[in-house]
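The values are calculated or read from the model by the stated rules, or taken from the named source; none is laboratory data. Note that this is a predicted model, so its numbers are computed, not measured. Quick reminder, even Gly has a Cβ in these numbers, built from the backbone with ideal geometry, and neighbours come from all protein chains shown.
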Amino acid sequence: MKFSSEIMEELDLKSHWNNAYDKTKTKNLGWFEETCAPSIDLINSCHLNKKSCILNVGAGTTLLIDELIALQYTNLIANDISNIALDKIKKRLGSNKKHVKFIIDNLLKPSSLNLINPVDLWHDRAVLHFFTDKEDQKAYFNLLKTKVKLGGYVIIATFNLEGAIQCSGLPVQRYNKAMISKRLGKNFNLIKCFDYTFYNPSGDSREYIYTLFKRNSM
């Protein structure tokens, strides 16, 4: 059986991330956070109801899910292209996984994600910068715009213009607030923005920009 180049590209991408999460312990991953304080602070500032739907795209094995459950959020969605990563979250959460819907899907060619209702919050830490192709970036933002409800929020944390030029062996696209604002368009207002220096498990620094937007119109 022959596969199209698009299918092969997706299989390669899935294989890359499955390999990353399979071969390396969570606490040794270059993007691992002991605490997700910057994200939690932004989420808290949204004053969401505890039943609000929070979609964490490219969740990997993040502890953000655990922290949100500890804060009594009960309507969480964890998405990743890596089934191995999401399985690790499930195992770690135990019975608390009942508060989370797990969706294995490609943000650039979504299938299951297309079927979910619009969410109250879209959260992305360290995913957007991996999409270096303009068409991939367009696909990402098109999906975001269909899945964030009116009055909903968007958190994007990505490498800033002083950040690394590659991660996990892959090239990245770096951003500033104007670039992200332009991609989101006039339907989203920038609420908060700050630069943040993250130190990975090996002690190396990574320069991020954190942004919080609110959807003001459709």
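In the range 131-143 there is no residue matching the filter, namely being touching a strand residue (DSSP E or B) at 6+ places or on another chain (Cβ under 7 Å) and either under 26 Å from Lys25 (Cβ atoms) or buried (at least 23 other Cβ atoms within 10 Å of the Cβ) (or both). Restricting the first member to the range 89-101 and to residues that are touching a residue at least 60 places away in the same chain (Cβ under 8 Å), and the second to residues that are among the β-branched types (Val, Ile, Thr) and surrounded by 14 or more Cβ atoms within 10 Å (Cβ to Cβ), no beta-carbon pair is closer than 7 Å while six or more apart or on different chains.
From the set of residues in the range 1-32 that are at pLDDT below 80, assigned to a helix (DSSP H, G or I) and of a type outside the set (D, E, K, R), which is nearest to Leu64 (Cα to Cα)? Applying the filter and picking the extreme gives Leu11.
A Cβ distance below 6 Å, combined with a sequence gap of six or more or placement on separate chains, defines the contacts here; from the range 159-173, residues that are assigned to a strand (DSSP E or B) reach residues that are loosely packed, with under 14 Cβ neighbours inside 10 Å in the pairs Pro171/Thr132.
All of (1) part of a strand (DSSP E or B); (2) in contact (Cβ under 8 Å) with a residue 40 or more places away in the chain hold for Ser39 with one exception: (1).
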